[in-house]
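**Student:** Please see the structure below; I have some questions.
Quick note: the coordinates plus some simple rules give every number you see, no bench work behind them. Please read these numbers as outputs of a predicted model, since none were measured by experiment. For neighbour counting, all protein chains shown are included, and Cβ atoms are generated from backbone atoms with ideal geometry for every residue, glycine included.
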Amino acid sequence: MTIQPDSKLPLARFKVLDLTRVRAGPTAVRQLADWGADVIKIEAPASSAEGQQSMGGPRHGPDFQNLHRNKKSLTLNLKHAEGIEVFNKLAETADVVVENYRPDVKNRLGIDYESLKAINPRLVYASISGFGQDGPYVERPGVDQIAQGLGGLMSITGLPGQGPVRVGIPIADLTAGLYCAIGILTALLEREISGEGQWVQASLLQAQISMLDFQAARWLMDQDVPGQAGNNHPTAIPTGVFPTSDGHINIAAGGDKMFLRLCESLGNSALAQDGDYRDDKSRLTNRDALNDRISEITKTRSSADWVAHLNETGVPCGPINNIREVFEDPQVRHMEMAAPVHHDQLGDIEIVGQGVKLSRTPFHIRSATPEQGQHNDDILLDCGYDETAIAALRKNGTI
């Protein structure tokens with residue numbers, strides 16, 4: 001399937017060269033592609049050893065299909081001089097290049113920022129790495145779980161005393177990709193004033209620490225080292241998981257006003273008057289005992305009953321869904337978080353929708369993830385190569 005251009009989409013005027021693989025980089029580029037950017041995903045030719053390797057799971061698997069929708073695919077062997085020549089020609093008119101090579105690799109290939117800046121001074125060049133483009137860890141291989149541990153997240157995840165626990169999604173990868181996309185968009189906006197591109201740098205470690213947010217601020221301002229709080233909120237009590245007659249629910253009732261409302265909704269107003277729970281500090285000190293008292297009440301009714309009742313009384317409460325239940329939820333269906341797309345080989349499938357909506361230029365899937373090299377001829381013809389030249393590039397293994 002060929003991507004149909006949509007000039008109404010907000011990023012339709014930008015051309016992006018995607019050199020990334022696995023997850024963090026493709027996540028960044030997916031944001032640009034979803035909002036209309038003309039994204040060319042550059043892969044090694046299938047005939048090469050590198051091109052036969054996975055770039056993040058099976059090509060027709062759910063992960064790969066979700067990561068690379070709305071893109072075109074060009075196979076290009078950057079180890080060939082002709083491949084670099086083609087890439088540089090594309091870079092002359094590109095707005096953005098995104099890569100996650102090690103610094104020594106991109107420098108050796110001659111596709112580093114300084115080299116491409118000389119070709120196109122307006123280019124926004126974005127790099128994603130494990131630990132940054134310089135510093136003592138620059139040569140270390142960086143993957144999500146390593147960043148979760150190094151960045152402190154695993155020390156505050158899980159039950160107290162349980163030992164370190166990873167988060168159930170590759171959150172360092174994903175947030176590095178999102179921060180990188182924000183950086184690219186910021187650089188494109190700045191370019192409208194200066195007329196110049198610049199180098200955007202994101203890393204898994206940097207993103208992970210930034211996402212620590214108030215937990216990091218607790219240390220930086222008060223030298224308070226947060227620990228594991230399990231399903232409880234670290235500071236807003238009571239907020240956590242409570243048993244029901246048929247499962248569990250989440251209740252969030254931190255602060256004096258909300259705690260009083262919760263007690264009234266539970267039919268136990270006297271609980272709010274108990275001296276052990278009179279304020280945030282005392283509720284934190286006596287959190288386990290308070291949770292036990294609330295649990296004795298919540299166990300008397302079903303999850304659905306409590307979710308309906310507490311929300312009606314203004315107390316934040318919700319179910320704890322598995323992934324199937326998430327996509328069966330009426331609000332999730334209303335938000336259209338399962339986005340349909342037709343794939344020429346897989347048929348009609350659904351992938352994950354966007355996390356933000358725009359009122360005049362809504363997100364939509366324009367095309368499924370392309371096959372490897374699906375758009376070779378179209379891209380090269382647009383770039384000025386004729387059919388004879390393209391055939392020669394194919395014959396010598398450049399594409």
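**Student:** Give me, ordered by chain and number, the residues 5 or more places off I249 or on other chains with an amide H under 5 Å from its own placed amide H.
**Tutor:** F242, T244
**Student:** With each pseudo-label sitting 7 Å past Cα toward Cβ, what's the S47-A272 distance in nm, one decimal?
**Tutor:** Distance between the two pseudo-spin positions: 7.5 nm.
**Student:** Can you give the net charge of the other residues whose Cβ lies under 14 Å from the Cβ of V29, counting K and R as +1 and D and E as -1?
**Tutor:** Charge balance in the 14 Å sphere: +1.
**Student:** Which one of V96, V241, V200 has the biggest mean-square fluctuation once the chain is modelled by GNM with Cα springs under 10 Å?
**Tutor:** Checking each option, the largest mean-square fluctuation is seen for V241.
**Student:** Tell me, what is the FRET efficiency for N107 and A304 to the nearest 0.05, using R0 = 51 angstrom and their Cβ-Cβ distance as r?
**Tutor:** The formula returns an efficiency of 0.30 here.
**Student:** Out of residues 5 or more away from G353 or on other chains, whose amide H comes under 5 Å of its own, with H placed 1.01 Å from N in the peptide plane?
**Tutor:** A338, A339
**Student:** Within a Cβ distance under 9 Å of F14, other residues only, what is the Lys/Arg minus Asp/Glu net charge?
**Tutor:** 0
**Student:** For the peptides 266-274, 33-41, 322-330, what is the packing order when you average, over each peptide's residues, the other Cβ atoms within 10 Å and list the highest mean first?
**Tutor:** So the order, starting with the most tightly packed, is 33-41, 266-274, 322-330.
**Student:** Please state the shape class of the range 14-138: rounded when a/c is under 1.5, otherwise prolate if a/b exceeds b/c and oblate if not, all from the C-alpha gyration tensor.
**Tutor:** Cα axes put the range 14-138 in the rounded bin.
**Student:** A further question follows. Hey, what number do you get for the chain at 222 nm if only DSSP H runs of n ≥ 4 count, each worth -39500 (n - 2.57), divided across all residues, to the nearest 500?
**Tutor:** -11500 deg cm²/dmol
**Student:** Now a separate question. First select every other residue whose beta carbon is under 12 angstrom from the beta carbon of P170; then total the charges, Lys and Arg +1, Asp and Glu -1.
**Tutor:** Neighbour charge sum, excluding P170 itself: -1.
**Student:** Another question about this same structure. Would you mind telling me the antiparallel percentage of the DSSP bridges in the chain, rounded to 5?
**Tutor:** 40 percent
**Student:** Please list the non-local residues whose amide H lies under 5 Å from the amide H of Q201, H modeled 1.01 Å from N, same-chain partners needing a gap of 5 or more.
**Tutor:** S127
**Student:** In addition: Multiplying the sequence separation of T361 and K281 by 0.36 nm and subtracting their Cα-Cα distance, what value in nm do you get?
**Tutor:** Extra length available between T361 and K281 comes to 24.1 nm.
**Student:** Oh, and also: Pairs of Cα atoms under 8 Å, at least six residues apart: use those to get the relative contact order of the range 239-320, whole percent.
**Tutor:** It rounds to 44 percent for the range 239-320.
**Student:** For the range 372-388, in order, what is each residue's ³J(HN,Hα) by Karplus, 6.51 cos²θ - 1.76 cosθ + 1.60 with θ = phi - 60°, in whole Hz (x at glycine and Pro)?
**Tutor:** Those phi angles translate into 4, x, 4, 10, 3, 5, 4, 5, 5, 5, 5, 8, x, 7, 8, 5, 5 Hz.
**Student:** Please list 11-22, 162-173 highest first by mean number of surrounding beta-carbon atoms within 10 Å per residue.
**Tutor:** Peptide ranking by packing, descending: 11-22, 162-173.
**Student:** Okay, moving on. Apply the a/c threshold of 1.5 to the C-alpha gyration tensor of the range 239-320 and tell me whether it is rounded, prolate or oblate.
**Tutor:** prolate
**Student:** A follow-up question, please. If R0 is 25 Å, what FRET efficiency do you get for M221 and V138 from their C-beta distance, rounded to 0.05?
**Tutor:** For R0 = 25 Å, the calculated efficiency reads 0.25.
**Student:** Which of rounded, prolate or oblate describes the range 202-343 when judged by the alpha-carbon gyration tensor and an a/c cut-off of 1.5?
**Tutor:** Oblate.
**Student:** Now, a different point. Given R₀ = 35 Å, FRET efficiency for Q162-Q331 by Cβ-Cβ distance, to 0.05?
**Tutor:** Computed FRET efficiency for Q162 and Q331 comes out at 0.65.
**Student:** In whole percent, what relative contact order does the chain give with Cα contacts below 8 Å and a gap of six or more residues?
**Tutor:** 20 percent
**Student:** Follow-up question, since we're still on this one. With equal scatterers on the alpha carbons only and no solvent term, can you work out the Debye log10 of I(q)/I(0) for the chain at 0.09, 0.14 1/Å?
**Tutor:** Log10 I(q)/I(0), no solvent term: -0.67, -1.23.
**Student:** Under the definition of Cα pairs under 8 Å and six or more residues apart, what whole-number percent is the relative contact order of the range 160-209?
**Tutor:** 49 percent
**Student:** Cα-Cα over 21 Å: which of K8/K71; K41/K357; K41/K79; K257/K281; K79/K106?
**Tutor:** Over 21 Å Cα-Cα: K41/K357.
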